[in-house]
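K.L.:
Pasting a structure below so you can have a look.
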Amino acid sequence: MSMNRMATRMAPLILLASAGCGGSPAVPPPPAPDSYKAQEAMNWVDMFRTPDTRQWEMARDRLVRLGPSIIPVLFSAMEAEGGSVDENCRGVLRTLGADGLGALDAEILKGDASCTDRALARRRTFRRSLISVVGDMKGPAARDLLCRVLKTDPWTTARSNAAFCLGLRRDLQAADALIEALRK
């Protein structure tokens, strides 16, 4: 077991043991809840690197329970790696659904202008994954995000991925955006 994981699990026990001793605790207080959740999320994302699919299922369930505050951890893992990590992180984002839509919107909107040539291909693969996650979500907010990508994104593949996702939705309200894109 890694030292970080052990420290994460032992921190509540140490605090409980030192609370009744009077005076200040012998150990520093645990990290703030968000960083605590982020560290736990990183530990669960590490399980996606193993070949054991049962561990993947357990990790996905736990990440969903941690909630939308761990979305930045998922993004950094997806952008850094592909394969099973990317696939499982997308599954967690799909399950979080509308709770993660704002973060997805912000990340897709960033584009890839700030990337170096070496990182550009990985960033574009990451953005393609995010667009597919939004394409699987229901509701008008997801449709509107896909329409915005279709109309404004400078990257041709992002626009075509958004068009594909909108076409699969069979949403009449997205028809205007698709027709306008065909005219361009």
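The values are calculated or read from the model by the stated rules, or taken from the named source; none is laboratory data. The shown structure was predicted, so the numbers you read here are calculated from the model rather than taken from an experiment. Cβ placement follows ideal geometry from the backbone for every residue including glycine, while neighbour counts extend to all protein chains displayed. These accessible areas exclude ligands, DNA and RNA; they are computed on the full protein's heavy atoms, side chains included. Shrake-Rupley method; radii C 1.70, N 1.55, O 1.52, S 1.80 Å.
K.L.:
Within region 120-151, can you find the residues that are part of a helix (DSSP H, G or I), of a type outside the set (Ser, Thr, Tyr) and open to solvent by 40 Å² or more (accessible area, probe 1.4 Å)?
P.N.:
Hits for region 120-151 are 120, 121, 122, 124, 128, 136, 140, 141, 144, 148, 151.
K.L.:
Take the residues of region 152-163 that are more than 21 Å from the chain's Cα centre (by Cα) and assigned to a helix (DSSP H, G or I): which is surrounded by the most Cβ atoms within 10 Å (Cβ to Cβ)?
P.N.:
163
K.L.:
Another question, if that's okay. Which is aliphatic (A, V, I, L, M) and either more than 17 Å from the chain's Cα centre (by Cα) or more than 24 Å from residue 49 (Cα to Cα) (or both), of 96, 168, 130?
P.N.:
Checking each option against the conditions leaves just 168.
K.L.:
Restricting attention to region 68-75, does a residue exist that is surrounded by fewer than 17 Cβ atoms within 10 Å (Cβ to Cβ) and either touching a strand residue (DSSP E or B) at 6+ places or on another chain (Cβ under 7 Å) or more than 17 Å from residue 127 (Cβ to Cβ) (or both)?
P.N.:
Yes - at least one qualifying residue is present in region 68-75.
K.L.:
If I filter region 47-60 down to residues being open to solvent by 90 Å² or more (accessible area, probe 1.4 Å) and either part of a helix (DSSP H, G or I) or touching a strand residue (DSSP E or B) at 6+ places or on another chain (Cβ under 8 Å) (or both), which single residue comes out as nearest to residue 81 (Cα to Cα)?
P.N.:
49
Yes/no per residue for (1) within 23 Å of residue 75 (Cβ to Cβ); (2) acidic (Asp, Glu); (3) in contact with a helix residue (DSSP H, G or I) (Cβ under 7 Å, 6 or more places away or on another chain):
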{"residue": "112", "(1), (2), (3)": "yes, yes, yes"}
{"residue": "121", "(1), (2), (3)": "yes, no, no"}
{"residue": "141", "(1), (2), (3)": "yes, no, yes"}
{"residue": "144", "(1), (2), (3)": "yes, yes, no"}
{"residue": "147", "(1), (2), (3)": "yes, no, yes"}
{"residue": "181", "(1), (2), (3)": "no, no, yes"}
{"residue": "184", "(1), (2), (3)": "no, no, no"}
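K.L.:
Determine, yes or no, whether residue 95 is surrounded by fewer than 18 Cβ atoms within 10 Å (Cβ to Cβ) and in contact with a helix residue (DSSP H, G or I) (Cβ under 8 Å, 6 or more places away or on another chain).
P.N.:
Spelling it out, residue 95 is indeed surrounded by fewer than 18 Cβ atoms within 10 Å (Cβ to Cβ) and in contact with a helix residue (DSSP H, G or I) (Cβ under 8 Å, 6 or more places away or on another chain).
K.L.:
Taking residue 141 as meeting all but one of (1) in contact with a Gly (Cβ under 7 Å, 6 or more places away or on another chain); (2) of a type outside the set (D, E, K, R); (3) over 22 Å from residue 62 (Cα atoms), write down the number of the exception.
P.N.:
The number of the failed condition is (1).
K.L.:
Could you grab the pairs with beta carbons closer than 9 Å, sequence gap of 6+ or different chains, first residue in region 131-153 and farther than 10 Å from residue 171 by Cβ, second one open to solvent by 20 Å² or more (accessible area, probe 1.4 Å) and among the hydroxyl-bearing types (Ser, Thr, Tyr)?
P.N.:
From region 131-153, the pairs are 150/160.
K.L.:
Quick one: in region 164-184, of everything that is touching a residue at least 12 places away in the same chain (Cβ under 8 Å) and open to solvent by 30 Å² or more (accessible area, probe 1.4 Å), which residue is nearest to residue 125 (Cα to Cα)?
P.N.:
Applying the filter and picking the extreme gives 164.
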